[in-house]
Amino acid sequence: MTIAAEKEIAHIGETHGIADHDHDMIHELSKRLDALWRYDQYIANAESHAELQRFWRDLKVQEIKNVGRLKELVAEHCRDHCFDRNSP
């Protein structure tokens, strides 16, 4: 990495508003919600490919469960005031 590139990222991550594990949950929830948002379009795009539609539907069902579990964990951490800790 060049010196200029190193300078651009030298201070990334120094300040964080929540603990890493709480950030990880929120980041992952966001990614999974984005994926869930797209599955209906993927299913529609595969209209003439039944097996591919089944695959997207299976992923959608799994993702709904994953999102639900992550939301439960985030709520649990909120109740435990985890998001209050390590605040700037």
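Structure values in brief
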{"quantity": "Square roots of 5 times each gyration tensor eigenvalue, C-alpha, the stretch 43-88, largest first, Å", "calculated": "38, 10, 5"}
{"quantity": "Solvent-accessible area per residue for the chain (1.4 angstrom probe, square angstrom)", "calculated": "79"}
{"quantity": "Cα-derived Rg to Rh of the chain, Kirkwood definition", "calculated": "1.18"}
{"quantity": "Tilt relative to the chain, helix 50-79 - C-alpha long axis, 0 to 90 degrees, to 10", "calculated": "30"}
{"quantity": "0 to 90° range, to nearest 10: angle between helix 20-45 axis and the chain longest Cα axis", "calculated": "20"}
{"quantity": "Cα centre as origin, Lys/Arg/Asp/Glu Cβ charges: the chain dipole, Debye", "calculated": "340"}
{"quantity": "Helix-only mean residue ellipticity at 222 nm for the chain, each DSSP H run of n ≥ 4 adding -39500 (n - 2.57), per residue, nearest 500", "calculated": "-25000 deg cm²/dmol"}
{"quantity": "Eligible lysines near residue 60 by straight Cα distance, threshold 29 Å, same-chain separation 8 or greater", "calculated": "31, 71"}
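The values are calculated or read from the model by the stated rules, or taken from the named source; none is laboratory data. Owing to the predicted nature of the structure, the values given are computational and were not obtained by experimental measurement. Note that we place each Cβ from the backbone using ideal geometry, even for glycine, and neighbour counts take in every protein chain shown. Accessible surface areas use protein heavy atoms only, side chains included; no ligands, DNA or RNA. Shrake-Rupley method; radii C 1.70, N 1.55, O 1.52, S 1.80 Å.
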